[in-house]
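**Student:** Right, I'll just put the structure down here and ask away after.
The values are calculated or read from the model by the stated rules, or taken from the named source; none is laboratory data. Computed from a prediction, not measured in an experiment: that's the story for all the values here. Quick reminder, even Gly has a Cβ in these numbers, built from the backbone with ideal geometry, and neighbours come from all protein chains shown. Just the protein is used for accessible areas: all its heavy atoms, side chains included, with ligands, DNA and RNA removed. Shrake-Rupley method; radii C 1.70, N 1.55, O 1.52, S 1.80 Å.
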Amino acid sequence: MHEIKLRDLLSKDKQLIEEAERVMSYAYNPYSNFFVGAALRTNDGQVFSSANVENSAYGSTICAERGAIMHANAHGQRLYEKLALIGKGKDFESEDVITPCGSCRQMLYEFSSLNDKPLEIIMCNTRIDKIKIATIDELLSMAFGPKELGFDIEKLRNP
Ligand code: THU
């Protein structure tokens, strides 16, 4: 994990953060009032994003990160190089960055395992004056994935 300043990011990574910020405003969050936006960039440079979508049966809530994966997969895209993540409460902004929940780490690990390089996750606070970058392998060490089930990864890459 390392910290980086916005000005030192590549412009395509700044754009990824901007997209995460844009979709964050679409959070369907009447139960938590917490806003999360996630934007995924595929190996070939396409961007797919999502906000969190909650449900009256609370456990049916879908996080922004998993929404972004569904969005990308619906376009036949399973190979991702970076994810930008941003989040805040309705009435408060944290000084520190938001990090993916455990379920999202597991889901992100699944798709990272299909790729040649571990997925990088750019985590931001909403002032965007704190940015941390970590690989999914750092966020979820000794993870369980499709390789453990003996899958030929090549076959999982394309729909
Ligand atoms: N949330 C996300 O979207 N991503 C995470 O990684 C953490 C939590 C959402 C789920 C719920 O709508 C709200 O944040 C509070 O948990």
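**Student:** Across the range 93-132, what is the total count of residues that are within 16 Å of the ligand (Cβ to nearest atom) and either in contact (Cβ under 8 Å) with a residue 40 or more places away in the chain or part of a loop (DSSP other than H, G, I, E, B) (or both)?
**Tutor:** Looking only at that region, the number is 19.
**Student:** Among the residues of the range 66-79, which ones are in contact (Cβ under 8 Å) with a residue 60 or more places away in the chain and either in contact with a His (Cβ under 6 Å, 6 or more places away or on another chain) or surrounded by 24 or more Cβ atoms within 10 Å (Cβ to Cβ) (or both)?
**Tutor:** none
**Student:** Which of the residues spanning the range 5-28 are under 13 Å from D129 (Cα atoms), in a helix (DSSP H, G or I) and open to solvent by 20 Å² or more (accessible area, probe 1.4 Å)?
**Tutor:** Within the range 5-28, L6, R7, D8, K14 qualify.
**Student:** For residues that are open to solvent by less than 60 Å² (accessible area, probe 1.4 Å) and in a helix (DSSP H, G or I), tally how many sit in the range 46-65.
**Tutor:** 2
**Student:** Would you check if there is a residue in the range 136-157 being within 24 Å of K5 (Cα to Cα) and touching a Leu at 6+ places or on another chain (Cβ under 7 Å)?
**Tutor:** yes
**Student:** Still on this model: Just one of (1) within 26 Å of S141 (Cα to Cα); (2) touching a helix residue (DSSP H, G or I) at 6+ places or on another chain (Cβ under 7 Å) trips up V53, so point out which.
**Tutor:** (1)
**Student:** Only residues that are open to solvent by 10 Å² or more (accessible area, probe 1.4 Å) and within 8 Å of the ligand (Cβ to nearest atom): list them for the range 36-45, please.
**Tutor:** Residue satisfying the conditions is V36 alone.
**Student:** Quick test of your reading of the structure: S56 fulfils all but one of (1) touching a Gly at 6+ places or on another chain (Cβ under 6 Å); (2) farther than 25 Å from R127 by Cα. Name the failing condition by number.
**Tutor:** (1)
**Student:** Looking at (1) closer than 22 Å to K117 by Cα; (2) touching a Ser or Thr at 6+ places or on another chain (Cβ under 9 Å), which is the one condition that is false for R41?
**Tutor:** (2)
**Student:** Continuing with this model, one more query. Hey, could you check the range 66-88 for residues that are over 22 Å from N29 (Cβ atoms) and in a strand (DSSP E or B) and say which is farthest from the ligand (Cβ to nearest atom)?
**Tutor:** This residue is E81.
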